[in-house]
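The values are calculated or read from the model by the stated rules, or taken from the named source; none is laboratory data. A quick note: this is a predicted structure, and the numbers were derived from the prediction, not measured. Methodologically, a virtual Cβ is constructed for each residue, glycine included, from the backbone with ideal geometry; neighbour enumeration extends over all protein chains shown. Ligands, DNA and RNA are excluded from the accessible area calculation, which covers all protein heavy atoms including side chains. Shrake-Rupley method; radii C 1.70, N 1.55, O 1.52, S 1.80 Å.
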Protein chains: 2
Amino acid sequence: MSSMTTARIPAAPQARLGLRERKKLKTRTAIRNATYALISEQGYDATTVEQIAERAEVSPSTVFRYFPTKEDIVLTDEYDPLVEDLLRERPAEESLLDSLRFVIRQGLRMAVADDPDFAEREMKLRIGLMAKVPAVRSRAMESMSVTGRLMCRAMAERTGRDENDLEVRVYAMGLMGALLEACIYWAERDCQDDLLDLIDRTLATFKDLPKR
Amino acid sequence: MSSMTTARIPAAPQARLGLRERKKLKTRTAIRNATYALISEQGYDATTVEQIAERAEVSPSTVFRYFPTKEDIVLTDEYDPLVEDLLRERPAEESLLDSLRFVIRQGLRMAVADDPDFAEREMKLRIGLMAKVPAVRSRAMESMSVTGRLMCRAMAERTGRDENDLEVRVYAMGLMGALLEACIYWAERDCQDDLLDLIDRTLATFKDLPKR
DNA sequence: CATCTTTTGACAGCTACTCTCATTTCATGG
DNA sequence: CCATGAAATGAGAGTAGCTGTCAAAAGATG
């Protein structure tokens, strides 16, 4: 689930990117940081795109050019491919549920790697917003279905089924829904529990999808 | 899943409701019918609330008084309590998955009861919109979490767990996500398959949640 | 430096949605 | 049947998210 990870682009070869690309990345994170700051100060609804634009020192049009909706500023990240790679690296015989457990563990570990405090605060803010603000939760569910299709591909490889099999699609979305609910559960209890433990228990409520 | 059923209020004692209540019901369905008609003619996005208000012969303010958002006009129904009742009538020993199978079957049967053609057209329109229009799908997912809480209550009774147990919450949302995906799958294939069959196969991908 | 492309900002416009307030419509007790 | 109170409605103004266009600015390229 993309919207749970918070790491920056994993050791991106920021070296030679061309001035243009570097600027783009900069404004992108400027917008995001401005948004996080403003939301922390005054809440989600009270924060307008104009304010975000002002603090990020860009025009409102630019904000919408980078993020199609306000919710996307909070939620969008680009880690689906990372998850997909990690998943593909796991042995094909391993059950999908086990692989998932591993990948999520690994993903969170990488996310917290270089700046634990920042990563943790940001993750709590995001998941908190997901739990409290309907619009954000809504958007998270949308992105859940994207990540779900990714799961479908992974499952198709494992089980020898087609990635458009009803069973595959349905199982993937069930998983995603469950994982998202686990996050909401976590946020509702003020992030007191161990998220990895919750995820383990969540995955345990599923049976393996039979091959073929 | 409330947003799948399309029956009218089950034999509501429309008899003595008071003129006021009857009028309210009337405008409510007027708005809904206007919306369905307009969307069938010109699509969801091209249909504005003003047009809906005009065709339903009410003011725009009134539309918003009846439905908080445009998506709600399409999706809102009041059948969660019906589902809950049906579910509670099932024997407590029956597995939740079996009960669900039965209740959905029964629910669909009741929905199609008095005017099969209308019910079928409306259901296909709604589920089709859910599959195609992001905003509607989004809203459907929101309402899914409401119905999910209902499932939690039912499961709590069966398994002797608390309705706020992580396992219960997560299992319920997994189920809802899977069922919703089944509907989308159905719509994507132009409603060619037998929806009940798809739902059976969907439920079969789950294991029973152990008691306690 | 000149030219071409990409990115940006300013602006106008649409629509979903909210709020307020005066008016109308229904309910009720005398 | 009428007067009083309560609820539903309509009108209008206002906010904010989001889209589109177009000209100016900034980076890339030879």
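Observations, loosely collected:
- Every residue from region B:150-189 that is of a type in the set (Gly, Ala, Ser) and out of contact with any Ser or Thr (no Cβ under 8 Å at 6 or more places or on another chain): B:156, B:160, B:172, B:177, B:187
- Check on residue A:102, within 12 Å of DNA strand D (Cβ to nearest atom) and at pLDDT 90 or above: no
- Among the conditions (1) more than 11 Å from DNA strand D (Cβ to nearest atom); (2) at pLDDT 85 or above; (3) hydroxyl-bearing (Ser, Thr, Tyr), residue A:2 misses just one, which is (2).
- Scanning region B:29-60 for residues being in a loop (DSSP other than H, G, I, E, B) and either touching a residue at least 40 places away in the same chain (Cβ under 8 Å) or not hydrophobic (A, V, I, L, M, F, W, C) (or both) gives a total of 7.
- Within region A:142-160, the set of residues being of a type in the set (Asp, Glu) and either within 26 Å of residue A:121 (Cα to Cα) or surrounded by 19 or more Cβ atoms within 10 Å (Cβ to Cβ) (or both) comprises A:142 only.
- So residue A:163, is it surrounded by fewer than 19 Cβ atoms within 10 Å (Cβ to Cβ), more than 10 Å from chain B (Cβ to nearest Cβ) and part of a helix (DSSP H, G or I): no
- Exactly one residue among A:169, A:149, A:139, A:121 is away from every other protein chain (no Cβ under 14 Å) and not acidic (Asp, Glu), and that residue is A:121.
Quick grid of which residues meet (1) within 28 Å of residue B:133 (Cα to Cα); (2) surrounded by 15 or more Cβ atoms within 10 Å (Cβ to Cβ):
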{"residue": "B:182", "(1), (2)": "yes, yes"}
{"residue": "B:186", "(1), (2)": "yes, yes"}
{"residue": "B:197", "(1), (2)": "yes, no"}
{"residue": "B:204", "(1), (2)": "no, no"}
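- Filtered residues of region B:108-133 (kept if surrounded by 14 or more Cβ atoms within 10 Å (Cβ to Cβ) and over 13 Å from residue B:36 (Cα atoms)): B:108, B:110, B:111, B:112, B:115, B:120, B:130, B:131, B:132, B:133
- Cβ-Cβ under 7 Å pairs, at least 6 apart or on other chains, region A:191-212 side farther than 17 Å from residue A:174 by Cα, far side assigned to a loop (DSSP other than H, G, I, E, B) and among the charged types (D, E, K, R): A:212/A:161
- Residues (over 22 Å from the mean Cα position of the chain (by Cα) and closer than 19 Å to residue B:67 by Cβ) located in region B:23-41: B:23
- All told, residue A:17 meets the bar of being within 11 Å of DNA strand D (Cβ to nearest atom) and either more than 14 Å from chain B (Cβ to nearest Cβ) or open to solvent by 60 Å² or more (accessible area, probe 1.4 Å) (or both).
- If you check B:107, B:43 for being closer than 20 Å to residue B:191 by Cβ and away from DNA strand C (no atom under 16 Å from the Cβ), only one passes: B:107.
- Residues that are over 16 Å from residue B:150 (Cβ atoms) and assigned to a helix (DSSP H, G or I), drawn from region B:76-101: B:98, B:101
- If the condition is being away from chain B (no Cβ under 14 Å), near DNA strand D (Cβ under 8 Å from one of its atoms) and of a type in the set (Ser, Thr, Tyr), then region A:49-88 contributes only A:61.
- Within region B:61-75, the set of residues being assigned to a loop (DSSP other than H, G, I, E, B) and free of Cβ contacts under 8 Å to residues at least 60 places away in the same chain comprises B:67, B:68.
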